[in-house]
Amino acid sequence: MVIAAALRSPPNTLALSALIVIGLVLTHLFAGQLRFTYIRRSRWLSAASGVSVAYVFVHILPELNQHQTVLDRLNIGVISYLEHHVYLIALLGLIVFYGLEKIAKISRQGRKGEVASPGVFWLHIASFSIYNALIGYLLQHREEPGITNLLLFSCAMALHFVVNDFGLREHHKYSYDRIGRWILAAAIIVGWVLGSATEIGKPAIAVLFAFLAGGIVLNVLKEELPEERESGFWAFALGAGIYTAILLAL
């Protein structure tokens, strides 16, 4: 069902989400100019990864569990199958982005480690555009409404974008700087506009959040686990610990 969700949203929340979208767009456009992210795989990136994962495990997954309990009582047809299995959707999100990462690595190996092929570049950009549009959409349709939850979600996603930006730039270098980051930034706006103009049911929101959760976990761990990343365990743990404390306190 399509309705004018913007008319239902409190004006202050809508205005705040618009400002947040601008901030997320600027994050994608200028993350490459944050010099601290490129000093021996900066510990700041590991801390940002920790924040993203903390948000998934402390905020998103518990909400999905509550939603799953309600959905298990329903029987509304074949389409409801996915809604009844939100954890399978989270797994699907993880698998999809794991596959994208493997494709990029294989392509770089075939090209002697320089950059992935143009085909892989466009596959990455198309996939992450959908991913970013989903995040933009969910700025307007979160599991729990309210300004506090909006700010918590936005902070986690901004730091997550910095981590994603690092990985995409490593795979695609000049192509990413020249065009990729602009497309991904625009995708956030597209998702937010769609979220402002339409509204979907709670079960569908749960499915979208589940897919996002799986994608976040994989995109963070692929940056943290490989030895060559020189990531920092204590920075990751500190970021996760501090953000967990904030989430539990609020």
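Order the following by accessible area, largest value first: ARG178, ARG111, ARG169. Probe radius 1.4 Å; ligands, DNA and RNA are ignored.
Accessible-area ranking of ARG178, ARG111, ARG169, largest first: ARG178, ARG111, ARG169.
Got a sec to turn the phi values of the range 172-180 into Karplus ³J(HN,Hα) couplings, 6.51 cos²θ - 1.76 cosθ + 1.60 with θ = phi - 60°, whole Hz, x for Gly and Pro?
10, 6, 4, 4, 5, 5, 6, 9, x
The values are calculated or read from the model by the stated rules, or taken from the named source; none is laboratory data. It should be emphasised that the depicted structure is a prediction, and the values quoted were computed from it without experimental measurement. Ligands, DNA and RNA are excluded from the accessible area calculation, which covers all protein heavy atoms including side chains. Shrake-Rupley method; radii C 1.70, N 1.55, O 1.52, S 1.80 Å.
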